[in-house]
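Take a look at the structure set out below.
The values are calculated or read from the model by the stated rules, or taken from the named source; none is laboratory data. Remember, it's a predicted structure, so these values are computed and weren't measured experimentally. Glycine gets a Cβ as well: all are built from the backbone with ideal geometry, and neighbour counts include every protein chain shown. Side chains included, ligands, DNA and RNA excluded: accessible areas come from the protein's heavy atoms. Shrake-Rupley method; radii C 1.70, N 1.55, O 1.52, S 1.80 Å.
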Amino acid sequence: MTRIFGSPSTYVQRIDVLFNSIDHITALGHRAIVLADSIVFGIVGDKYVDYLTDNGVTVKKVEFNGEASTTEIKRVVKIGEEFGADVILGLGGGKTLDSAKAIGDDLKIKVGILPTLASTDAPCSRLSVLYTDDGAFSKYRFYAKNPDLVLIDTKIVAGAPVRLLASGIADALATNVEAQAVAKGHNDTMLGAKQTAVGAAIGEKCEETLFKYGLEAVTSVKNHVVSKALDNVVEANTLMSGLGFESGGLAAAHAIHDGLTALNGPVHEMTHGEKVAFGTLTQLFLEGADRDRFEKYLKFDLELGLPTTFADLKLADVSDEDLMKVGQQATSPEDTMKQMPFEVTPYDVVQAMKGVDAYSRDFQAKLK
């Protein structure tokens, strides 16, 4: 039996680390692509390009087009080849970072991941979630190694919208739920091997940290405070969840997220973590979780303002036909539903989603 544990070569997290990162960057290379979207360049990226240039790094600024698609990856790879890059630095959120990993792999250069948010578990992993040009889930892409550097500035995270921190908590909250399901089925992790005890333990610590400090961290970000609680949650969202999902495995929660990308309309305005939040509740329903266990997650999601009903997902009038599209996408062979400890059909997914929606609406009505 093969067990594999993956992690980035170096993980650095502290206040003001971005503009004190030159030693970490030059250890990777001196001809850097900096990949970020226009918003991130406006907030911090342009200043960071100047910082790198002032410290002897030759920089090619590349604006990310917004979708982690094969088309976008090929576009930037061509730029990198012409520039002669020896390192790519992904600066921003999940899709930018996932694209940077793919570009670095194609160019065979070092990869530095610089999240400006603690909104997903993407930064530390050796995989990318790829989408079609119009935003539908396409596939997972796997690499031989994790990023060479993950560096996250907690001061920048504290200045980001609170909705994105809550989304990161939701994404991270799926880690232990999914890892437990993979363990029950003796199934494979995202590394194509069996769980290590370390990977499982990280998932458990991640969940413990989120329930303990999540609400305090959200309050901190609302007031742009870099508190100890925020520091703990940034580590949980980024490092613990990243290592935990990869070495612990994914199951239904993320498959449900991927299923939701099959739909058109306002649901695409929801963040990755918000869709995963509903996916986690759906997985608990698929498992037949008892009331106390289910309500533990439901109450926490409600306190964080995360979606727990179809209306919250902007799917108030969703049809059975569309829900079946979600179910079919979520159970496709290339997705992670197969790592559940029992067979799950598209019909099962539809019924579980409906069950979550009904339970949450009833639960909230009783609170009024």
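Points worth noting:
- Subset of the range 299-317 (residues that are under 14 Å from Arg361 (Cβ atoms) and crowded, with 21+ Cβ neighbours inside 10 Å): Asp301, Pro307, Thr308, Phe310, Leu313, Leu315
- Checking each residue of the range 275-296 against the condition of being in contact (Cβ under 8 Å) with a residue 40 or more places away in the chain, over 27 Å from Asp134 (Cα atoms) and in a loop (DSSP other than H, G, I, E, B) gives no match.
- Enumerated strands (runs of 3 or more DSSP E) restricted to the range 3-66, each holding at least 1 residues that are in contact with a Cys (Cβ under 9 Å, 6 or more places away or on another chain): 10-14
- Which numbered condition Ile169 misses (of (1) part of a helix (DSSP H, G or I); (2) open to solvent by 10 Å² or more (accessible area, probe 1.4 Å)): (2)
- Any hit, the range 109-127, residues being open to solvent by 10 Å² or more (accessible area, probe 1.4 Å), free of Cβ contacts under 8 Å to residues at least 24 places away in the same chain, of a type outside the set (Phe, Trp, Tyr) and in a loop (DSSP other than H, G, I, E, B): no
- Among all residues of the range 143-154, there is none that is of a type outside the set (Gly, Ala, Ser), in a strand (DSSP E or B) and open to solvent by 10 Å² or more (accessible area, probe 1.4 Å).
- Number of residues in the range 178-225 that are hydroxyl-bearing (Ser, Thr, Tyr), farther than 23 Å from Ala252 by Cα and touching a residue at least 24 places away in the same chain (Cβ under 8 Å) equals 1.
- Test: Val182 is closer than 30 Å to Asp86 by Cα, buried (at least 24 other Cβ atoms within 10 Å of the Cβ), in contact with a helix residue (DSSP H, G or I) (Cβ under 7 Å, 6 or more places away or on another chain) and not hydroxyl-bearing (Ser, Thr, Tyr): no
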